[in-house]
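Worksheet for the structure shown next.
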Amino acid sequence: MTLNRLQFETSPYLKQHEKNPVDWYPWGKEALDRARTEDKPIVLSVGYSACHWCHVMAHESFENPQIARIMNEHFINIKVDREERPDLDQVYQPVAQILTRGGGWPLTVFLTPDLKPFYGGTYFPPTDRYGRPGFGRVLLALAQGYRDDRGSISERAERLTQAIREHEEWSPQSETSVPEADTDTHTDEALLSAARDLVQKVDWQNGGFGGAPKFPNVSGLSFLWRMGLCSSVPPEDRSTFREAVILSLDRMRCGGIFDQLGGGFSRYSVDDHWAVPHFEKMLYDNAQLMKLFGEVLAGEFSKELSPPQKERFLSGLSLTLDYLKREMVSPSGAFYAAQDADSDGEEGKFFVWTREELQAILEPPEFEAFCRFFGVTEAGNFEAGQNVFYLAHPDEVLDDALSNSVLESAVQKVRAAREKRVRPGLDDKVLISWNGLMISGLAWASLAFESTRAEETRALAVRAFDALMDASVISDPRRFLEDYAFMAQAALDLARVDPSRAAFYVEYAAAAMKEVHARFTDEHGLGFFMTANDDEALISRPKSLYDQAIPSGSGVVYGVIQVLMQVLDCEIENKWTRDSATLIGVAKDHSFGMSEILSSILLSRVSPIILKGAAELRFRAHPFCFVVDGTTSPVQYCHRQTCMTGEFQDSEIFRELFLK
């Protein structure tokens, strides 16, 4: 079989398409020059290796010789891994959103040779189906239009390009800021208004936000949790915010979105109650959830968890840690990117079971206990009588030793049987930004654990951080804003659990912010660019203000700035000073999409507590406290450039944060 140009790429996603009859190019000079030289439009196909619908479109269309012939004859065809080039994905994703009122992957966009989009969408079936036009028909119509009606194509491309630029270059004007004398009061009121608006979107029956499909949206939950820690917030609101977070995490932990056998969270749930997931497991989802579970468990308000909830939260963290160690750690210690939704050509095949399959491997008492505990029925909750496991009776406590041993025996047998199945594909890219998120997640999880499991988790985080100091383990030489932002945040989180190296971690974070200041700052608008000054120029330079599947890079940078401003001279502080008054006026009206920025504004209002010395757990495990030097004795507590020792526990900030 003839291989196309993708055979020379390292991306697992691109290599999935190396045997397609489509004459694929990777994004680069060769493809773009050919499009201009031959005056051909471009088919830009963006996806990722763990994406189920990307696989479907590949099998239906890109492996179809007739469709491939049309693509090769009339278009220059470019395949992009969105995890390697998030900038391209962010620039062109609005095309699908504008034209189809929905986005996602696979992203399919048609470009002129000068890279302006004139049509696009997500998944196209090979023939007319699901109310969508067939891909073959779309290709022929667009090829004819480009050949015979160039004026209309050019006009459409200009309109879409302008819409993209307006979307990316949008920057609120200064009139949204407030007079300096009223800033603190205005900011506090705006933060409370944003949190109240966000909590109104909570599904109080099932947890999370909104209906199906349901995503974890961890940035929103994290903002609510932090607001729930602030004594300046009315007590009834604080309680409501924390309750929303605990409910949401518990429902996810009990649901099928969590792999009850092997640990780890899937990307999202196709229903509104977390029962049936879209089965791919992404490093960034598990990282963010580990961090938030860790914050809840390690903090002062873990007492609000019921005993069964606390056990579920801890066991969920422990199972996820096992999953990471078993399947996601590279030889260097850094983490792989994702695990596929499909195995053996079918979505979820590795994870789902019929009653008959279980009955064949379990003794009758084991079978009965397992089915009751994990909600297994004859009809199933997935396709063709198959079951996605969930905790059917989450608050049931098995006090009887025999019942526990029977259930545990059943679980071990089903796990062993699952290990014999064809495993989902692994995307073994090492992405800096996602590793940064996971290092933070592990640091917080280690604060939640006790004894040896805590040390094991901490060591895993430290090893991953150290591995990323070696550029040879990283999959892509490009650097985006999120690489610097998430690794800087990871460094500050690691200082909590590795205080003997805290000064090193702070220096690392400061160096990262120096790079951000020099290469990513928007001098004329809010936030930071996703791409550096010297990166390839696209039709628009994407920003990183909004939370998406990962937190806003700008929001995380703003949070890191708050810490560094307290401990050293920070050039990038000027950017925060310019943006801060305007930011709250914008973010309060976009609480769902700008939660990470809201969290950074909240941190600025509280002002970080800087710890010098090996402070006790309750200080290191508070999201507003940061360790910058673990060697000082006695421990010093610094707030707004004023440092205290023992008298800190008599201070106003102590009472605000720890005595509620």
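Go through the range 75-106 residue by residue and tally those that are among the acidic types (Asp, Glu) and outside any helix (DSSP H, G or I).
Residues that pass the stated criteria total 3.
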Going through the range 561-577 in order, the residues found to be surrounded by fewer than 18 Cβ atoms within 10 Å (Cβ to Cβ), assigned to a helix (DSSP H, G or I) and without any contact (Cβ under 8 Å) to a residue 12 or more places away in the chain are Asn574, Thr577
Lone unmet requirement of (1) buried (at least 24 other Cβ atoms within 10 Å of the Cβ); (2) under 20 Å from Glu311 (Cβ atoms); (3) charged (D, E, K, R) for Asp285: (2)
Near pairs, Cβ below 9 angstrom, 6+ apart or cross-chain, from the range 215-226 (at positive phi) to any residue that is assigned to a helix (DSSP H, G or I): Asn217/Ser248; Asn217/Ser595
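Please tell me if Met530 is surrounded by fewer than 23 Cβ atoms within 10 Å (Cβ to Cβ), under 20 Å from Val606 (Cβ atoms) and not aromatic (Phe, Trp, Tyr).
Numbers: surrounded by fewer than 23 Cβ atoms within 10 Å (Cβ to Cβ): yes; under 20 Å from Val606 (Cβ atoms): no; not aromatic (Phe, Trp, Tyr): yes.
Taking the combined requirement at face value, the residue does not satisfy it.
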Residue tally, condition within 12 Å of Met594 (Cα to Cα) and either without any contact (Cβ under 8 Å) to a residue 24 or more places away in the chain or among the small types (Gly, Ala, Ser) (or both), over the range 530-547: 1
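For the range 352-445, give me every one of the helices (runs of 4 or more DSSP H) that falls completely inside it and has 2 or more residues that are outside the structural domain of Leu617 (by TED's automatic domain parsing) and surrounded by 19 or more Cβ atoms within 10 Å (Cβ to Cβ). Show your work before the answer.
Working: elements: 355-359, 364-374, 401-418.
Hits in the range 352-445: 364-374, 401-418.
Are there helices (runs of 4 or more DSSP H) fully within the range 1-74 with at least 2 residues that are among the aliphatic types (A, V, I, L, M) and touching a helix residue (DSSP H, G or I) at 6+ places or on another chain (Cβ under 8 Å)? List them.
Numbers: elements: 12-15, 29-38, 52-57, 65-74.
Correct list: 65-74.
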Options Ser193, Ser239; residue that is under 21 Å from Gly555 (Cβ atoms), out of contact with any helix residue (DSSP H, G or I) (no Cβ under 6 Å at 6 or more places or on another chain) and not in a strand (DSSP E or B): Ser193
Have a look at Asp579, Asp569, Asp629, Asp547 and point out the one that is at pLDDT below 90 and among the acidic types (Asp, Glu). Asp569
Here are the criteria: (1) crowded, with 19+ Cβ neighbours inside 10 Å; (2) modelled with pLDDT under 95; (3) out of contact with any Asp or Glu (no Cβ under 6 Å at 6 or more places or on another chain); (4) more than 28 Å from Arg165 (Cβ to Cβ). Tell me which single one Gln16 does not satisfy. (2)
Out of the residues in the range 57-92 that are of a type in the set (Val, Ile, Thr) and farther than 30 Å from Ala537 by Cβ, which is farthest from the chain's Cα centre (by Cα)? Ile70
Please indicate, with yes or no, whether at least one residue in the range 329-337 is assigned to a helix (DSSP H, G or I), surrounded by 16 or more Cβ atoms within 10 Å (Cβ to Cβ) and either more than 16 Å from the chain's Cα centre (by Cα) or acidic (Asp, Glu) (or both). no
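Do you know which residues across the range 380-433 are modelled with pLDDT under 90 and among the β-branched types (Val, Ile, Thr)?
Within the range 380-433, the first condition is being modelled with pLDDT under 90, and the residues that meet it are 395-404.
Once the filter is applied, which keeps residues that are modelled with pLDDT under 90 and among the β-branched types (Val, Ile, Thr), the range 380-433 yields only Val397.
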Could you say whether any residue in the range 487-503 is within 28 Å of Thr632 (Cα to Cα) and outside the structural domain of Thr577 (by TED's automatic domain parsing)? no
Contact list please: Cβ distance under 6 Å, first residue in the range 590-611 and under 17 Å from Lys543 (Cβ atoms), second residue crowded, with 24+ Cβ neighbours inside 10 Å and among the hydroxyl-bearing types (Ser, Thr, Tyr), pairs at least six apart or on different chains. Ser595/Ser219; Glu596/Ser219; Glu596/Ser552; Ile597/Ser552; Ser600/Tyr558
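Collect the residues in the range 61-90 that are among the polar types (S, T, N, Q) and surrounded by fewer than 20 Cβ atoms within 10 Å (Cβ to Cβ), keeping them in residue-number order. Reasoning before the result, please.
First pass over the range 61-90, keeping only residues among the polar types (S, T, N, Q): 61, 64, 66, 72, 77, 90.
Correct list: Asn64, Gln66, Asn72.
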From the option list Ser607, Ser595, Ser600, single residue qualifying as closer than 26 Å to Val497 by Cβ, touching a Lys or Arg at 6+ places or on another chain (Cβ under 9 Å), of a type in the set (S, T, N, Q) and at pLDDT 90 or above is Ser607
Of the conditions (1) on the phi > 0 side of the Ramachandran plot; (2) at pLDDT below 95, Gly375 satisfies every one except a single condition; which number is it? (2)
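Do we find that Ile584 is crowded, with 24+ Cβ neighbours inside 10 Å and either in a helix (DSSP H, G or I) or out of contact with any Asp or Glu (no Cβ under 7 Å at 6 or more places or on another chain) (or both) in this structure?
Values: crowded, with 24+ Cβ neighbours inside 10 Å: yes; either in a helix (DSSP H, G or I) or out of contact with any Asp or Glu (no Cβ under 7 Å at 6 or more places or on another chain) (or both): yes.
Taking the combined requirement at face value, the residue satisfies it.
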For Ser591, are the conditions met, namely being in the same structural domain as Ala495 (by TED's automatic domain parsing) and within 20 Å of Phe241 (Cβ to Cβ)? yes
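Do the conditions hold for Trp444, that is, is it touching a Gly at 6+ places or on another chain (Cβ under 6 Å) and among the aromatic types (Phe, Trp, Tyr)?
Details: touching a Gly at 6+ places or on another chain (Cβ under 6 Å): yes; among the aromatic types (Phe, Trp, Tyr): yes.
Answer is yes for this residue.
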Tell me which residues, restricted to the range 66-82, are over 18 Å from Ala141 (Cα atoms) and out of contact with any Ser or Thr (no Cβ under 8 Å at 6 or more places or on another chain). Arg82
Of everything in the range 342-367, what is of a type in the set (D, E, K, R) and modelled with pLDDT of 95 or more? Give them in sequence order. Lys349, Arg355, Glu356, Glu357, Glu363, Glu366
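Would you mind finding the one in Lys291, Lys325 that is surrounded by fewer than 16 Cβ atoms within 10 Å (Cβ to Cβ), charged (D, E, K, R), in contact (Cβ under 8 Å) with a residue 60 or more places away in the chain and not in a loop (DSSP other than H, G, I, E, B)? Spell out the reasoning first.
Values: Lys291 fails: surrounded by fewer than 16 Cβ atoms within 10 Å (Cβ to Cβ).
Within the list Lys291, Lys325, the selection yields Lys325.
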Matching residues in the range 493-511 (under 13 Å from Leu568 (Cβ atoms) and under 21 Å from the mean Cα position of the chain (by Cα)) number 1
So, in the range 448-474, of the ones that are assigned to a loop (DSSP other than H, G, I, E, B) and free of Cβ contacts under 8 Å to residues at least 24 places away in the same chain, which residue ends up farthest from the chain's Cα centre (by Cα)? Glu450
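The values are calculated or read from the model by the stated rules, or taken from the named source; none is laboratory data. Fair warning: this is a prediction, and the values are worked out from it, not measured in the lab. Here the Cβ is made from the backbone with ideal geometry for all residues, glycine too, and neighbour counts use every protein chain on show.
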